[in-house]
Amino acid sequence: MIWNEHKETMSRDEMSAMQGRRLHKTVDYVYHHVPFYRKKLQSMDISPDDIQTVEDIVKLPYTTKQDLRDNYPFGLQAAPKSEIIRIHASSGTTGNPTIVGYTRRDVEIWSECMARCLTGYGMTSDDTFSVSYGYGLFTGGLGAHYGVERVGGAVVPASTGNTEKHVRLIRDLGIDGIACTPSYALHLAEVMETMGVTKDQIRLRIGAFGAEPWTENMRHEIESRLGLKGYNLYGLSEIMGPCVSFECECQNGSHVNEDHFFPEIIDPDTLEPLGRGHYGELVFTTLTKEGMPLLRYRTRDLCSLVEGDDCPCGRTTVRMTPIMGRSDDMLIIRGINVFPSQVESVILGIPECAPRYRLIVDRVNNLDTLTVEVEMRPEYFMGADTLEAVTNLEKAVAAKLRSVLSIGANVQIRQPGSLERSLGKGKYVIDKRVLK
Ligand code: DLL
């Protein structure tokens, strides 16, 4: 089934022509509504009229997360405040989060694109769908929620946590589909098994998994333990949220909703655009967004694009290969974006802590864990002759980290000089989660 037959099965020529028109309109719109872009375009001697076809996109400047942070909170917002009806935020690096405002039409388009994803997974209006992405500033919960409603299914806004209750709901309500991170799906399987609930007692058929990288092996494990079929769901808050691309039943890449989000692949070092089939950094330009339109936004996600109308599902939209890495140091821990620099800024702000630390990320019982080891400064260490003083410091660092990162960390204070020194590049992060 295809949600929007017209838009999802266009010929390449038709799609390119529409993208060209929308790109011109977007550039014209930001030129007149976002001083940041006007200045940038003027400095490059580009006027909106220079952008007529989709090929002209290479003339446009890139936008980075740093640009969003520098213009915090609303500097890149194009629509007036009175037209913004929703605001989400994603974690930033040190300091400011990234704020994204949506107009009513943006939320409409988001729901439409999310409905395309869910229909691609085989969902219909007869289905009950549990949304177990976090609700709140994170776009996962509300984004998926509106999509289920748009398709006409019944949404169960389970969010995360309270997993035993959730397992009972899945069994008792006969829930047909679940939207959550792949690691939460594994956790759910584990809790279900501990409770003695078997996959024959539930009817989950569809899993809409995303917000973090996952592999074919994880897919098989989740599918065999929950008895469903797992589909990829990709997106990022700066561009919209979940809905940017999705796997259809053929599962040969994720179809990009390219009538709204124009994808490119670039070399992250030289910033040169790379052709179809090349592996590199994914870049998106929004083509219809009103709240915060972005030109050539660097996602930092690494993948390649596959074009062609050869997908047996009938969709002609360009497909993305799975994201397996990033061109920056961002970690995704329990679905939350964490930059090592955020941890560093917390540590530097605590007088007893030396600027020597190590982040250890692991996966225990299918849930991500973060341990932060940090050395105490010698002058404080000498004075801290009680275990209590060290424990109190661990608690204080953990509380500060929680407020900055929005996730809990296990803090371990180490004695001065105990963390390994490196002569070259410091190894501050050890990620033990081997994606198998
Ligand atoms: O994670 C939006 C989302 C919610 C997508 C629910 C899918 C499902 P952010 O918090 O802004 O938004 O994080 C975006 O997460 O740049 C990728 O690095 C990563 N990511 C998202 N989906 C996938 C996926 C949401 N399917 C960042 N596979 C992105 C791999 C993903 N990585």
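The values are calculated or read from the model by the stated rules, or taken from the named source; none is laboratory data. Remember, predicted model here, so these are calculated numbers, not experimental data. A quick note on method: Cβ atoms are made from the backbone with ideal geometry, for glycine too, and the neighbour counts reach across all protein chains shown. The protein model used for the area step is the full one, side chains on, heavy atoms only, and it has no ligands, DNA or RNA in it. Shrake-Rupley method; radii C 1.70, N 1.55, O 1.52, S 1.80 Å.
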* To do: Within the stretch 271-282, identify whether any single residue is over 29 Å from Gln251 (Cα atoms), buried (at least 18 other Cβ atoms within 10 Å of the Cβ) and touching a strand residue (DSSP E or B) at 6+ places or on another chain (Cβ under 9 Å), and answer yes or no.
  => no
When every residue in the stretch 78-110 that is among the hydroxyl-bearing types (Ser, Thr, Tyr) and within 14 Å of the ligand (Cβ to nearest atom) is compared, the one nearest to the chain's Cα centre (by Cα) is Ser90
### Query
Hey, does the stretch 124-134 have a residue that's touching a Cys at 6+ places or on another chain (Cβ under 8 Å), among the charged types (D, E, K, R) and either in contact (Cβ under 8 Å) with a residue 40 or more places away in the chain or more than 16 Å from the ligand (Cβ to nearest atom) (or both)?
no
Residue pairs qualifying under the 6 Å Cβ cut-off, at least six apart or on distinct chains, with the first in the stretch 285-314 being away from the ligand (no atom under 16 Å from the Cβ) and the second being at pLDDT below 95, are Glu307/Arg276
(Q) Can you find a residue that is over 18 Å from Leu233 (Cα atoms), modelled with pLDDT of 95 or more and under 24 Å from the mean Cα position of the chain (by Cα) anywhere in the stretch 168-183? (A) no
Only one of Ile347, Ile332 is among the hydrophobic types (A, V, I, L, M, F, W, C) and assigned to a helix (DSSP H, G or I), namely Ile347
(message) Quick check on Arg356: is it touching a strand residue (DSSP E or B) at 6+ places or on another chain (Cβ under 6 Å), in a strand (DSSP E or B), modelled with pLDDT under 90 and basic (Lys, Arg)?
(response) yes
Open item on the list: For the structure I just gave you, tell me whether Arg276 is charged (D, E, K, R) and either over 24 Å from Tyr231 (Cα atoms) or within 15 Å of the ligand (Cβ to nearest atom) (or both).
Closed with: no
Considering only helices (runs of 4 or more DSSP H) wholly within the stretch 16-130, the ones with at least 3 residues that are open to solvent by 10 Å² or more (accessible area, probe 1.4 Å) and either among the β-branched types (Val, Ile, Thr) or over 29 Å from Trp3 (Cα atoms) (or both) are 35-43, 65-70
The residue that is nearest to the chain's Cα centre (by Cα), considering only those in the stretch 123-139 that are more than 12 Å from Ile178 (Cα to Cα) and at pLDDT 95 or above, is Thr139
Residue pairs qualifying under the 9 Å Cβ cut-off, at least six apart or on distinct chains, with the first in the stretch 332-350 being within 16 Å of the ligand (Cβ to nearest atom) and the second being of a type in the set (Gly, Ala, Ser) and assigned to a helix (DSSP H, G or I), are Arg334/Ser183; Gly335/Gly140; Gly335/Ser183
Can you find a residue in the stretch 299-314 that is under 15 Å from the mean Cα position of the chain (by Cα), under 27 Å from Pro35 (Cβ atoms) and open to solvent by 30 Å² or more (accessible area, probe 1.4 Å)?
-> yes
